Amino acid sequence: MIAFLGTGLLGSGFIKALLQKGEKVQVWNRTFEKAKELEADGAVAFAAAADAVKGVQRIHLCVSDDAVVDSVLQQAEAGMEKGAIIIDHSTTSKNGAVERTRNWAAKGFTYVHAPVFMGPSNALDSSGFMLISESRELTEKLRPWLEPMTGKLLDFGVEAGGDGDAGSGGAGDVTGKAAGIKLIGNLFLISLTGAFSDMLVIGKEMGIGGEEIAKLFQDFNPGAGAPGRLKRIMARDYDNPSWELQMARKDARLMMEEAEKGGKSLLVIPPMAAEMDKFLEKGLAHKDWSVIVSDKF
């Protein structure tokens, strides 16, 4: 028997997939009607979170943020079986995940943060990516549960110089890393959406439609070069430019000019251009343009 708290779009996908795999699932949602709808798929809905977790050792959770996670678990606590494992798929802060791991351990429960890069359809067909950053022992214990829920389980629980033990407080304390990686990944997705918006804006002004832009990416795949670009940025090699700062700034000017013709503004390019100007004023025109992030990390 499994309990699942939170039956939103993502939670519902997970629940339906678990039911299709033959699992028995008890569900709860703050809006009871949403949980009740899943009874048509074979779930058993409860109006109280404490009732939904009774008699189960495996509790999944998928809600919005730290405050809601804490509130839901507080409501469920009275019905929890001692030693139950709480698996939280919510996107939360790193500190929140660390604190919950320690606080629930002190109460005799195992809290695991396992956020995902998955949409509702991924949850339903068990594709996409799930993250975990726990001790090797705990990760291997949970792997038979988590791997069937996702396309790939990404393990960040072991790092150089540490044993990966959750909650140790030392070099090996990687509890919360999954939460951090999730936020970093979402930052990239938000930035990518902003970049696509800028592309569509200037494309429209130049008479280039979205379908033509999409055609570009059939062959031009900048994502494939992302790992190399990240390594170059971290290497801080500004004296061997692949794209000089002055040339990047010129292109940014052209982009903004195209947008301005239609009275439009861009999301990503203007603040980047402003950073370029700061470094051009320092006489770094012939450096690699990535020098603009040299003082950021």
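Taking helices (runs of 4 or more DSSP H) as the structural unit, those lying wholly within segment 1-84 and holding at least 1 residues that are modelled with pLDDT of 95 or more and within 26 Å of F129 (Cα to Cα) correspond to 9-20, 32-37, 66-76. Residues in segment 119-137 that are in contact with a Phe, Trp or Tyr (Cβ under 7 Å, 6 or more places away or on another chain) and outside any strand (DSSP E or B) were compared, and the one that is farthest from I87 (Cα to Cα) is G128. Restricting to segment 142-183, what's the tally of residues that are surrounded by fewer than 16 Cβ atoms within 10 Å (Cβ to Cβ), of a type in the set (D, E), over 23 Å from G22 (Cα atoms) and modelled with pLDDT of 95 or more? The total comes to 0. Is it true that some residue in segment 268-283 is touching a Ser or Thr at 6+ places or on another chain (Cβ under 9 Å), crowded, with 19+ Cβ neighbours inside 10 Å and in a helix (DSSP H, G or I)? Yes, segment 268-283 contains a residue that is touching a Ser or Thr at 6+ places or on another chain (Cβ under 9 Å), crowded, with 19+ Cβ neighbours inside 10 Å and in a helix (DSSP H, G or I). Within segment 234-266, the set of residues being at negative phi, over 30 Å from the mean Cα position of the chain (by Cα) and part of a loop (DSSP other than H, G, I, E, B) comprises Y238, D239, N240, P241, S242, W243, G262, K264. The C-beta contact set for segment 168-184 (first residue assigned to a loop (DSSP other than H, G, I, E, B), second residue at pLDDT 55 or above, distance under 6 angstrom, 6+ apart or interchain) comprises V174/S133; V174/G157; T175/V98; T175/T101; G176/K94; G176/A97; G176/V98. Just one of the listed residues (L146, L142, L131) is over 25 Å from L189 (Cβ atoms) and of a type in the set (A, V, I, L, M), and it is L142.
Residues in segment 76-110 that are of a type in the set (G, A, S) and surrounded by 16 or more Cβ atoms within 10 Å (Cβ to Cβ) were compared, and the one that is nearest to the chain's Cα centre (by Cα) is S90.
Filtering segment 127-141 to residues that are surrounded by fewer than 19 Cβ atoms within 10 Å (Cβ to Cβ) and out of contact with any Leu (no Cβ under 7 Å at 6 or more places or on another chain) leaves S127, G128, R136, E137, L138, E140, K141.
Let's see how each residue does on (1) outside any helix (DSSP H, G or I); (2) farther than 21 Å from E257 by Cβ; (3) of a type in the set (S, T, Y); (4) in contact with a Lys or Arg (Cβ under 7 Å, 6 or more places away or on another chain):
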residue: A195; (1), (2), (3), (4): no, no, no, no
residue: M199; (1), (2), (3), (4): no, no, no, no
residue: K204; (1), (2), (3), (4): no, no, no, no
residue: I208; (1), (2), (3), (4): yes, no, no, no
residue: E212; (1), (2), (3), (4): no, no, no, no
residue: R229; (1), (2), (3), (4): no, yes, no, no
residue: R232; (1), (2), (3), (4): no, yes, no, no
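Just give me the residues in segment 26-46 being under 12 Å from G6 (Cα atoms) and either among the aliphatic types (A, V, I, L, M) or in contact (Cβ under 8 Å) with a residue 60 or more places away in the chain (or both), in sequence order. Once the filter is applied, which keeps residues that are under 12 Å from G6 (Cα atoms) and either among the aliphatic types (A, V, I, L, M) or in contact (Cβ under 8 Å) with a residue 60 or more places away in the chain (or both), segment 26-46 yields V27, A35, L38, A45. In segment 111-121, of all residues being buried (at least 19 other Cβ atoms within 10 Å of the Cβ) and more than 14 Å from the chain's Cα centre (by Cα), the one that is farthest from K21 (Cα to Cα) corresponds to Y111.
The values are calculated or read from the model by the stated rules, or taken from the named source; none is laboratory data. Predicted model only: the values in this text are computed from it and were never measured. Note that we place each Cβ from the backbone using ideal geometry, even for glycine, and neighbour counts take in every protein chain shown.
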